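Everything below concerns the one structure shown next.
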Amino acid sequence: MKLNHMRRLVLVLVMTILGFWIEGCHCKIVQFIFGDSLSDVGNNRYLSRSLAQASLPWYGIDFGNGLPNGRFSNGRTVADIIGDNMGLPRPPAFLDPSLSEDVILENGVNYASGGGGILNETGSYFIQRFSLYKQIELFQGTQELIRNKIGKEAADEFFQGARYVVALGSNDFINNYLMPVYSDSWTYNDDTFVQYLTGTLQDQLKLLHKLGARQLMVFGLGPMGCIPLQRVLSTSGNCQEKANKLALSFNKASSKLVDDLATQLPNSSYKFGDAYDVVDDVISNPSKYGFENSDSPCCSFGNIRPALTCIPASRLCKDRSKYVFWDEYHPSDSANELIANELIKKFGFVRVDQTNAPSPAPALAPAPSPED
């Protein structure tokens, strides 16, 4: 009897320990980010043949040690800032050599890739980039790693408790539909292309839900016809209205799509983050928001434009906090902060960890070779 009693105690103890690992893994809430260059934190640095790169100075000048870190900005991304305010760790790039199962469990993963789009064909002239379908495929590999590490039940809990960001679409227009070298530009018209794009996005969001994504935000597009590259390519220097109308059409269709999925998919909290109006107002009335320039990049090659990326020979503006755009494509840290704060206010995001304050905005480093 005593022997059987001891065996039962040992069995209970073993089951308790196993239960701790399976059901009580103390999983942190982390983020998984899918996106393009607006969210890339270094994946393209490891795509050696990619032409979409932010690996040269002065990218990253106002972030960390001031050296290039893979972000297509002088500082933080919108996802960085929202995550900081929610008390979430900043997920490292999927291709970061230091990525491991333990790092994933502590910080999540960022799959975003400069030049990537919702469509597989988008951005092909960048040679290497991760489309959204490829990013989801990489996420599936991540899930397999975590299941092998902590078991299926704990992994399901971990992935269902995480936060998800999907932020792509501008490349599908700027580096696909609006370029006559791509067949999509003559295969579709404006309406049918938006339908094709959002139909593909619907399939991708459903797939992410099937893989466990329960709390997810889709970022809308800003007035992409007003980025410096689009302005300088126009004869007037004004915003390209066709591109802006396409962004509005995409946002309208995607907002409805996300709302519909939120009611159809079980246990889902899907939101659409639309900051078009505030970004449009910033560009139209920069002084209202503390900016001085909203039509040209802070980092430029003098009068030689468009220099598509910021390079060491580029000249920097005198005060980066006063420029809406960092380079021909991408917003500055200050503009990203304004966009992030608008989304935080609109959705009432709450912190997942009340013990840590959000990271402060970076102090701007002195600007080399300031523009007179």
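The values are calculated or read from the model by the stated rules, or taken from the named source; none is laboratory data. This is a predicted model, so every value here is computed, not measured. Because the Cβ atoms are built from the backbone with ideal geometry, glycine has one as well, and the counts that use them run over all protein chains shown.
Worth pointing out:
- Cβ separations smaller than 6 Å between residues 6+ apart or across chains give the following pairs from the range 138-153 residues that are touching a residue at least 60 places away in the same chain (Cβ under 8 Å) to residues that are crowded, with 16+ Cβ neighbours inside 10 Å and in a loop (DSSP other than H, G, I, E, B): Ile150/Cys25.
- Filtered residues of the range 186-205 (kept if surrounded by 15 or more Cβ atoms within 10 Å (Cβ to Cβ) and either touching a helix residue (DSSP H, G or I) at 6+ places or on another chain (Cβ under 7 Å) or within 19 Å of Gly161 (Cβ to Cβ) (or both)): Tyr188, Phe193, Val194, Leu197, Thr198, Leu201, Gln202, Gln204, Leu205
- Helices (runs of 4 or more DSSP H) enclosed by the range 96-212 - at least 3 residues per element that are of a type outside the set (A, V, I, L, M) and under 30 Å from Lys245 (Cα atoms): 132-150, 184-187, 190-210
- Only one entry in Asp333, Asp295 is surrounded by fewer than 18 Cβ atoms within 10 Å (Cβ to Cβ) and touching a residue at least 24 places away in the same chain (Cβ under 8 Å), namely Asp295.
Conditions tested, residue by residue: (1) modelled with pLDDT of 95 or more; (2) in a helix (DSSP H, G or I).
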position	(1), (2)
Ser236	no, no
Leu246	yes, yes
Asn251	yes, yes
Ser254	yes, yes
Val258	yes, yes
Thr263	yes, yes
Asn267	yes, no
Phe272	yes, no
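Here is a yes/no grid of residues against (1) touching a Cys at 6+ places or on another chain (Cβ under 6 Å); (2) part of a loop (DSSP other than H, G, I, E, B); (3) modelled with pLDDT of 85 or more:
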{"site": "Pro312", "(1), (2), (3)": "no, yes, yes"}
{"site": "Asn336", "(1), (2), (3)": "no, no, yes"}
{"site": "Ile339", "(1), (2), (3)": "no, no, yes"}
{"site": "Lys345", "(1), (2), (3)": "no, no, yes"}
{"site": "Asn356", "(1), (2), (3)": "no, yes, no"}
{"site": "Pro360", "(1), (2), (3)": "no, yes, no"}
{"site": "Ala363", "(1), (2), (3)": "no, yes, no"}
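- Where Asn175 falls short, out of the listed (1) surrounded by fewer than 21 Cβ atoms within 10 Å (Cβ to Cβ); (2) touching a Phe, Trp or Tyr at 6+ places or on another chain (Cβ under 8 Å): (1)
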